[in-house]
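Inspection log for the structure reproduced underneath, given as structure tokens.
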Amino acid sequence: MTMHSPLGYQVPAETARVASAAFPKGNLYMDLHAELGMLYTNQQFAHLFSTTGQPAEDPARLALVLVFQFLEGLSDRQAADSVRSRIDWKYALALELTDPGFDASVLCEFKGRLISGSAENLLLDTLLLQLQQRGLLKARGKQRTDSTHILAAVRSLNRLELLIETVRYALNQLADVAPAWLQPLIQPAWLERYAHRAENYRLPKAQTARDALATAVGADGFALLEAAFAEHTPAVVRAEPAVEVLRQVWVQQFYGPDDPPRLRPTNDAPPAGLLIASPYDVEARFSIKRGTEWTGYKAHITETCDEQTPNLIVNVLTTAATVQDDTVLSAIHAALEQKQLLPAEHLVDSGYTNVTNLQQSTQRYQVDVVGPVATDPSWQARTKTGFDHTQFSIDWEQQVVTCPAGKRSVSWLPLNDGRANAAHLVRFARADCAACESREQCTQSTRTGRQLTLDTKERYLLLAQARQRQQSEGFKALYALRSGVESMISQAVRACELRRTRYSGQARTHLQHIVTVVAINLIRLVAWLSPSSGPRRVSAFSRLAAIG
Ligand code: SF4
């Protein structure tokens, strides 16, 4: 007898018999198979494989193994061992008990295929589609998003360590690919500088000695680059990625091949979004947010938070660490639109709520972004006793502003200086302000009258409306739901090791995030659906509130 899964895979009779005996009270993987079957089909991944050559391992099973791997935080080798040795995995993968499994390298190769074929999102989208079809996931409900920092799989380096490690990385790679070319170039001092990893505690402490070392390393790097790009250098040297990394880091850190090389001062360095932080992961970036410093990436995770359905993660976006939260909301909405899972209300913190996002979300996606907007940063608003712009009366049609003292503005000019939220410059007469008794509450300038910068009418009113709305009790009650996103991130970090990427590069890190959120969704789904997981816990307070 065989057990039939919803997608047609059959659990072999012997596997079913032994698994049922081994796990009489249910097991996560067996529950998963009972609910979702194999989840993926080989057809979905067919475009990633050649139609000729040896038959590949079953990609639908590999995809599921990948999810199981992240569900338990296993290495590739441990996951391959589990396929070979664990009865519950064999059941969930519909394999014979005697199935020998596959070598761990197959998983690594499959991940490479998913990335090169841009198919990583398939892993999440397939699950979401099934859940939509089963009524467990609906569009136009409530969703919440937050970002969390992701540590790169590399050591954080200070500037001197970065310079030394970049040359060291290039030398090590070139020693592999072009040893005969490199050998005659090696200088006696290189062995001392680059034979071992650059560790700060072994480097000079005095700043003058550190500067001298940085200059010497700079000269080494320029010498290596000059040799690499010389006319008769073998092509394999220039094609070596570590040489390109060395070139980029040297462009970012030095002015040019001067003698001696001159380090750029930090105020003349490229923007943080471009600055390479480690030669071993050139896409990882250094960033600081609310006192947290890290080198790596950011994950923006969106989950549903409706009462009648399980909280499920519907999107994860991976960016460099330096990308600001407010620049990604549109991309999140575009991704949700593609999945037909746009929310009606989207709960986010103030990092995502600039006026452009409020405007675009409503107009383009019909999504109500629910989150506190930034407060007025002017000193008049901060002191709470000054005349901020809310105390001025604006006639948008006549382009005239009336101040709290009843004076009318004397000019209204278009502004186009690149500042955010500044479309018009409004000026009051210097004579009016000089004679005004309320001057100290209004302006600190002694040379001009009060000046106001205003956004366009539509954006100005939208922001004013949002600031007013966030004072209401209804807004506060709705926004309180956002805090639940913290527990989702905590689950991802603690149960699925989200905090640190296993891989180098943003694409591989994103794959890890996709598989992680699929794993979390499966845990949540089984907890919601499976009778064996027992009733959902209800807190004493919730019970009391329900009675009241
Ligand atoms: S300082 Fe000028 S703009 Fe401000 S209240 Fe007085 S007159 Fe009006």
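Some notes on this structure:
- The residues ASP395, ASP388, sorted by heavy-atom accessible surface at 1.4 Å with ligands and nucleic acids left out, run ASP395, ASP388 from largest to smallest.
- For the pair segment 403-472 and segment 330-400, the centres of their Cα atoms are 19 angstrom apart.
- Loop-located GluC sites (Glu not before Pro) in segment 423-525 (DSSP state other than H, G, I, E, B) with a sparse environment of at most 11 neighbouring Cβ atoms within 10 Å: GLU437.
- With R₀ fixed at 41 Å, the C-beta to C-beta distance from ARG77 to ALA477 puts the FRET efficiency at about 0.25.
- Cleavage-rule hits, GluC sites (Glu not before Pro), segment 176-273, DSSP coil, Cβ neighbours within 10 Å at most 12: GLU199, GLU231
- FRET efficiency for LEU191 and GLU226, using Cβ-Cβ distance with R0 set to 22 Å, rounded to 0.05: 0.60
- Segment 237-284 and segment 298-322 have Cα centres separated by 35 Å.
- With the whole protein complex present, CYS436 retains an accessible surface near 40 Å², based on a 1.4 Å probe.
- Global geometry of segment 162-260, whether rounded, prolate or oblate, following the gyration tensor of its Cα atoms and the 1.5 cut on a/c: prolate
- When each of the peptides 34-44, 113-123 is scored by how many other beta carbons lie within 10 Å of its residues on average, the order from highest to lowest is 34-44, 113-123.
- Length-normalised contact order for the chain - Cα pairs under 8 Å, 6+ apart - percent: 16
- Inter-centroid distance (Cα atoms) of segment 122-150 relative to segment 177-200, Å: 50
- Chain lengthening between ARG467 and GLU109 when straightened (0.36 nm per residue, less Cα-Cα): 123.8 nm
- For the chain: rounded, prolate or oblate by the Cα gyration tensor [a/c cutoff 1.5]: oblate
- Summarising the label geometry, the points placed 7 Å from Cα in the beta-carbon direction at LYS457 and ALA180 lie 7.7 nm from one another.
- With R₀ fixed at 51 Å, the C-beta to C-beta distance from ALA527 to VAL400 puts the FRET efficiency at about 0.25.
- Helix-only CD estimate at 222 nm, as mean residue ellipticity for the chain, using -39500 (n - 2.57) per DSSP H run (n ≥ 4): -13500 deg cm²/dmol
- Potential lengthening between THR448 and ALA209 on full extension [0.36 nm per residue; Cα-Cα distance subtracted]: 80.9 nm
- When the solvent-accessible area of segment 388-520 is split by element, carbon and sulfur atoms take up 48 percent of it, the probe being 1.4 Å.
- Prolate/oblate/rounded label for segment 379-456 (Cα gyration tensor, a/c 1.5): prolate
- Full-extension gain in nm, SER116 to GLN308, via 0.36 nm per residue minus C-alpha separation: 65.3 nm
- Over 27 Å apart at the Cα level, from the set LYS90/LYS339; LYS111/LYS298; LYS142/LYS457; LYS138/LYS476; LYS205/LYS289; LYS298/LYS384, are LYS90/LYS339; LYS142/LYS457; LYS205/LYS289; LYS298/LYS384.
- Unit charges on C-beta of K, R, D, E only; dipole of segment 3-118, Debye: 80
- Remark: relative contact order (segment 379-456) = 26 percent; criterion is Cα-Cα distance under 8 angstrom and separation of 6 or more residues.
The values are calculated or read from the model by the stated rules, or taken from the named source; none is laboratory data. Computed from a prediction, not measured in an experiment: that's the story for all the values here. All Cβ positions, even for glycine, are placed from backbone atoms using ideal geometry, and neighbour counts span all protein chains on display. Each accessible area value is taken on the protein alone, full model and side chains, heavy atoms only, with ligands, DNA and RNA left out. Shrake-Rupley method; radii C 1.70, N 1.55, O 1.52, S 1.80 Å.
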